[in-house]
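Written below as structure tokens is the structure these notes are about.
The values are calculated or read from the model by the stated rules, or taken from the named source; none is laboratory data. Just so we're clear, the structure is a prediction, and the values are computed from it rather than from any experiment. Neighbour counts are summed over all protein chains in view; Cβ atoms, including those assigned to glycine, are modelled from backbone coordinates with ideal geometry. With ligands, DNA and RNA removed, areas are computed over all heavy atoms of the protein, side chains included. Shrake-Rupley method; radii C 1.70, N 1.55, O 1.52, S 1.80 Å.
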Amino acid sequence: MTRRAFYLAAILFAAGVFGFGCGGDGATPTTPEPPDPAPPLDVPFGFTDLEEGDGPEVQEGWLLAIAYTGWLYDEAAPDNKGSEFISVAEEDPDSFRFGVGQVIPGIDRGMAGMRVGGKRRVVVPPDLGFGPRGNNLVPGNATLLFEVDLVAGAEVPFESIDLDVGSGEEAENGDSLSMAYHGWVYDLLAPGNKGDTFDSRTVEDPFDFTLGVGAVIVGWDLGIVGMRVGGRRRIVIPHELAYGAAGRPPRIPGYATLLFEVELIAVN
């Protein structure tokens, strides 16, 4: 989810900039100064619907799954499609949370009002893209052209649902608990929304913590209170109740919504 160009927006120009090495004599290696970027084109931001889509209209904060191709905008090229710098297929779409600054501003602005199933052409000038310095895929001052397919989109709020209620002691704030769990990055298109696994603990090797004192992410403190020993719960946790904009790389990307299935083994 974080491997591609849109996610470089969160760190903008960091890619390729902080790759310092160490010489054998301890001296700082030198690199030639990059050439000055070409002046920006006089091409404004804009978008055009290629297909309207018949699904719901995206709303701020929704989790979206998109396929897309990006080109350097070229006034002389057919349909202005210059060099292609990235392409993501519908079979393996990227996900991001709309309207929270997770992607370059031109994509957030360019997808406003789209409907699921739609396809849109978006022209992104450098001030809404990667700016005068660019990144490892895009030169400085580049105007970009995207064709974006909105594969899926939905509001994904906090959720805590019992799978098995359990019959033992009820967990309350301040209790010391032993838990088994499995954690996935929430995926709109995966079966059961179970994307990549990032962590798990078993009944034989449980996780122990104190509930309600900030020892775990907020979504756990909220989602586990009231469970009974022997019970199992599905908990969906938006990024603001989990690891936020930073995430916990490499397994949990920034802005990730998380999905847990947890089992309460004991109240100690």
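Return the loop-located chymotrypsin sites (Phe, Trp or Tyr not before Pro) in the stretch 34-114 (DSSP other than H, G, I, E, B) with at most 11 other Cβ atoms within 10 Å of their own Cβ; answer none if there are none. Walk me through the numbers before you get to the answer.
Working: sites: F45, F47, W62, Y68, W71, Y73, F85, F96, F98; in loops: F45, W62, F98.
In loop regions of the stretch 34-114 (DSSP not H, G, I, E or B), there are no sparsely surrounded chymotrypsin sites (Phe, Trp or Tyr not before Pro).
Accessible area ranking (1.4 Å probe, heavy atoms, ligands and nucleic acids excluded), largest first, for L222, L144: L222, L144.
With a 1.4 Å probe and all protein chains kept in place, how do R233, R201 rank by accessible area, largest first? Walk me through the intermediate numbers first.
Working: R233 25, R201 75 Å².
The most accessible residue leads, giving R201, R233.
If you stretched the chain out fully between S83 and R251, how much longer would it get, using 0.36 nm times the residue separation minus the C-alpha to C-alpha distance? Could you put the intermediate results ahead of the total?
Values: separation 168, 0.36 × 168 = 60.48 nm, distance 3.16 nm.
Stretched out fully, the S83 to R251 stretch lengthens by 57.3 nm.
Using a/c under 1.5 as the rounded threshold, could you call the chain rounded, prolate or oblate? The axes a ≥ b ≥ c are square roots of the C-alpha gyration tensor eigenvalues, and prolate needs a/b larger than b/c, oblate otherwise. Oblate, since a/c reaches 1.5 and b/c is not below a/b. Computed over protein heavy atoms with a 1.4 angstrom probe, the accessible surface ordering of D54, D127, largest first, is D54, D127.
Counting protein heavy atoms only, the chain has 50 percent of its accessible area on carbon and sulfur, 1.4 angstrom probe.
Using a probe of 1.4 Å on the protein chains alone, the accessible area found for K194 is around 70 Å².
With the whole protein complex present, Y186 retains an accessible surface near 30 Å², based on a 1.4 Å probe. Between the beta carbons of E91 and N173, assuming R0 = 45 Å, the FRET efficiency works out to 0.50 to the nearest 0.05.
For the stretch 185-211 versus the stretch 61-98, the spacing of their alpha-carbon centroids is 31 Å. Each Lys or Arg adds one and each Asp or Glu subtracts one; over the other residues with Cβ under 11 Å from the Cβ of V156, this totals -2.
Rounded to the nearest 0.05, the FRET efficiency derived from the C-beta distance between E240 and A76 at R0 = 35 Å is 0.20. Mean sequence separation of contacting Cα pairs (under 8 Å, at least six apart), scaled by the length of the stretch 140-268, corresponds to a relative contact order of 34 percent. With contributions of -39500 (n - 2.57) from each DSSP H run of at least four residues, the per-residue ellipticity at 222 nm computed over the chain stands at -1000 deg cm²/dmol.
Rolling a 1.4 Å probe over the protein chains gives S87 an accessible area of about 70 Å².
Calculate log10 I(q)/I(0) of the stretch 40-79 for q = 0.25, 0.26, 0.31, 0.32 Å⁻¹, where I(q) comes from the Debye formula with a single equal point scatterer on each Cα and nothing for solvent. Debye curve over Cα of the stretch 40-79, log10 I(q)/I(0) at q = 0.25, 0.26, 0.31, 0.32 Å⁻¹: -1.15, -1.18, -1.34, -1.36.
With every protein chain kept in place and ligands, DNA and RNA left out, what is the accessible area per residue of the stretch 106-215? Probe 1.4 Å, answer in Å². Working shown, then result.
Working: 4860 Å² over 110 residues.
About 44 Å² of surface per residue is accessible.
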